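Just so you know, all these numbers are worked out from the coordinates, no wet-lab data involved. Fair warning: this is a prediction, and the values are worked out from it, not measured in the lab. Here the Cβ positions follow ideal geometry from the backbone for every residue, glycine too, while neighbour counts run over all protein chains shown.
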Amino acid sequence: MHIVTTIAGSDSGGGAGIQADLKTFQELKVFGTSVITALTAQNTLGVSDVLPIEVSFVEKQLQALIEDFSISAVKTGMLFSSEIIQSIAQILAEINIPLIVDPVMIAKGGESLLQQEAIEALRIYLLPLATIVTPNIPEAETLSGRKINSLADIEEVAKVLLQMGVQCVIIKGGHLEDKCYATDYVFFQDGHSFSMKSTRIATKNTHGTGCTFSAALTAFLGRGLPIEEAIMEAKKFIQLAITHDLSIGNGHGPTNHFAYQNFKDSCEVIIHET
Ligand SMILES: Nc1ncnc2c1ncn2[C@@H]1O[C@H](COP(=O)(O)OP(=O)(O)OP(=O)(O)O)[C@@H](O)[C@H]1O
Ligand SMILES: Cc1ncc(CO)c(N)n1
């Protein structure tokens with residue numbers, strides 16, 4: 001049994017954060033463990049409040065897992081403060097486990113999930129430890145300090161992030177203007193890159209897409225899939241979860257974490273080597 005860990009915030013609405021991660025882990029048949037960094041009072045309409053967990057208690061959760069389990073992959077999501085980022089980075093630096101950093105900053109409704117001053121901590125402490133970082137377009141712009149208006153900009157931003165020490169950068173295209181396709185761009189340290197294109201689904205039910213994608217990636221890497229295969233399979237997982245949405249709640253509903261197991265042979269992702 002492969003054991004994986006998510007270090008993230010709780011979404012009471014169940015579509016994003018820790019809840020999305022554990023559901024995804026379960027569907028992909030890995031044993032999910034968790035370190036909770038913050039509680040959010042949240043539903044499909046938005047985040048009404050955030051309660052951060054004391055740094056020392058975040059550390060205790062992570063230490064408890066490391067002491068007892070042989071963990072095969074770790075992901076981070078909502079980390080909230082620079083203090084939490086520094087403390088978990090210090091612990092993760094001492095263990096050699098594939099690390100997927102989803103640099104969560106803002107919820108779909110615009111509420112902040114990361115304090116402004118914590119952005120620098122992400123750059124300095126966490127990105128150098130990351131196997132993969134998975135920013136959406138606004139997160140990639142914030143981390144790199146550059147605007148994205150073209151494919152050339154995406155390539156430039158990826159270079160800046162690779163220079164921070166990350167081994168692989170996936171810039172997710174959910175926020176791009178393209179009405180036909182949702183395209184994600186993948187870049188490696190050795191210069192290899194490719195894009196992954198899938199049909200864009202016309203739906204407002206995209207709450208937790210980023211969390212679910214990075215959780216699937218963590219599960220596949222944790223199961224020992226080669227990195228490129230893990231990335232492509234995670235893209236299939238999120239594509240199916242968005243395609244077969246559940247229509248829960250009155251706002252941006254969650255994705256369908258059950259869909260991959262039921263429909264995994266019916267999903268097309270187009271890969272372009274670049
Ligand atoms: N409407 C859509 N149809 C198909 N795929 C989509 C759609 N929207 C997003 N995606 C895919 O979902 C994944 C997550 O991308 P996105 O850019 O939405 O992340 P995010 O903004 O971090 O998500 P969130 O903050 O809601 O968790 C990517 O693989 C992206 O291509
Ligand atoms: C707890 C949490 N993490 C991440 C996101 C981003 O989707 C969210 N809305 N809530």
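Going by the conditions given, is L39 farther than 18 Å from I88 by Cβ, of a type in the set (A, V, I, L, M), within 12 Å of ligand 2 (Cβ to nearest atom) and over 17 Å from the mean Cα position of the chain (by Cα)? Spelling it out, it is not the case that L39 is farther than 18 Å from I88 by Cβ, of a type in the set (A, V, I, L, M), within 12 Å of ligand 2 (Cβ to nearest atom) and over 17 Å from the mean Cα position of the chain (by Cα).
Residues are listed down the side, and each one gets a yes or a no for (1) assigned to a helix (DSSP H, G or I); (2) within 16 Å of ligand 2 (Cβ to nearest atom); (3) buried (at least 18 other Cβ atoms within 10 Å of the Cβ):
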residue	(1), (2), (3)
Y125	yes, no, yes
A140	yes, yes, yes
A152	yes, no, no
E156	yes, no, no
V160	yes, no, no
G165	no, no, no
V169	no, no, yes
K179	no, no, no
T183	no, no, yes
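Among the residues that make up segment 213-224, is at least one of them within 16 Å of ligand 2 (Cβ to nearest atom), farther than 23 Å from F187 by Cβ and among the charged types (D, E, K, R)? No: segment 213-224 contains no residue that is within 16 Å of ligand 2 (Cβ to nearest atom), farther than 23 Å from F187 by Cβ and among the charged types (D, E, K, R).
Within segment 186-230, which residues are part of a strand (DSSP E or B), more than 10 Å from ligand 1 (Cβ to nearest atom) and either in contact with a His (Cβ under 7 Å, 6 or more places away or on another chain) or not β-branched (V, I, T) (or both)?
Passing the criteria: F187, F188, S193, F194, S195.
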